[in-house]
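The values are calculated or read from the model by the stated rules, or taken from the named source; none is laboratory data. No experiment lies behind these values; they were computed from the predicted model shown. Because the Cβ atoms are built from the backbone with ideal geometry, glycine has one as well, and the counts that use them run over all protein chains shown. Areas reflect the complete protein model, heavy atoms only, side chains present, ligands, DNA and RNA absent. Shrake-Rupley method; radii C 1.70, N 1.55, O 1.52, S 1.80 Å.
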Amino acid sequence: MQPAAAQTLVGTARVVDGDTLQLMGERVRLFGIDAPEAGQICLDAAGRGWDCGSFATAALVALTATETRCEGQDRDRYGRLVARCYAGRADIGAALVEAGAAFAYARYSSDYLALEARASAARRGVWVGQADRPEVQRAKDSTEGAPVGCVIKGNISDNGKLYHLPGGRGYSATRIDTARGERWFCTEDQAIAAGWAKARG
């Protein structure tokens, strides 16, 4: 198998969301950007809500209407190929950020920060009003239903009863279903006393 950094995919892409593609059987996460989540609502200049998640997805669909080439950089913790992708010579990630359809993901790269500043100054896309960065939105989504101050997730899976701390691997993806006996904890001691073990990572 080729290392991810050496992997190049070329073909017709299927858009999953604003920063994820399916190409030649691979799920590809665009390098250096973070697009609004599916269903994420942003505010326009007048404070009205609009579906910036759908806007980001539509922008990526438009950019990948022709043949797409993705050059692998790495793999993320979900096994997706993290890649720079191009439509002709145009860097798709750069185009999304410049259009205000995605944010520069500064935690992983500074490559698109100047383009983000330009989009912000021109009030394009998400910059027309107010928008949470997608990682903030993901954190909000993942704690929906939690009692105030009690954000430790007590999950039940094939691995048994495990509790997940904010910032840990798998925390954002874990959903709590109280009907299945899963629960929220305020402290680690509380989780341990109830019979939950700490999840790895």
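When segment 17-49 is examined, which residues are found to be among the aliphatic types (A, V, I, L, M), assigned to a loop (DSSP other than H, G, I, E, B) and open to solvent by less than 10 Å² (accessible area, probe 1.4 Å)?
Scanning segment 17-49 gives a single hit, Ala35.
Can you tell me which residue is nearest to Asp51 (Cα to Cα) among those in segment 118-171 that are of a type in the set (Phe, Trp, Tyr) and at pLDDT 90 or above?
Trp127
Can you give me the number of residues within segment 134-150 that are basic (Lys, Arg) and in contact with an Asp or Glu (Cβ under 7 Å, 6 or more places away or on another chain)?
The qualifying residues number 1.
Among the residues of segment 148-201, which ones are aliphatic (A, V, I, L, M), out of contact with any Gly (no Cβ under 9 Å at 6 or more places or on another chain) and open to solvent by less than 20 Å² (accessible area, probe 1.4 Å)?
Once the filter is applied, which keeps residues that are aliphatic (A, V, I, L, M), out of contact with any Gly (no Cβ under 9 Å at 6 or more places or on another chain) and open to solvent by less than 20 Å² (accessible area, probe 1.4 Å), segment 148-201 yields only Ile152.
So that you can scan it fast, the table gives a plain yes or no per residue for (1) over 26 Å from Gly79 (Cβ atoms); (2) in a helix (DSSP H, G or I); (3) among the charged types (D, E, K, R):
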residue	(1), (2), (3)
Val126	yes, yes, no
Arg138	no, yes, yes
Gly167	no, no, no
Gln190	yes, yes, no
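Give all pairs with beta carbons closer than 8 Å in which a residue from segment 103-117 that is under 18 Å from Phe55 (Cα atoms) meets a residue that is of a type in the set (Asp, Glu) and part of a loop (DSSP other than H, G, I, E, B); count only pairs at least 6 apart in sequence or on separate chains.
Matching pairs, first to second residue: Ala104/Asp111.
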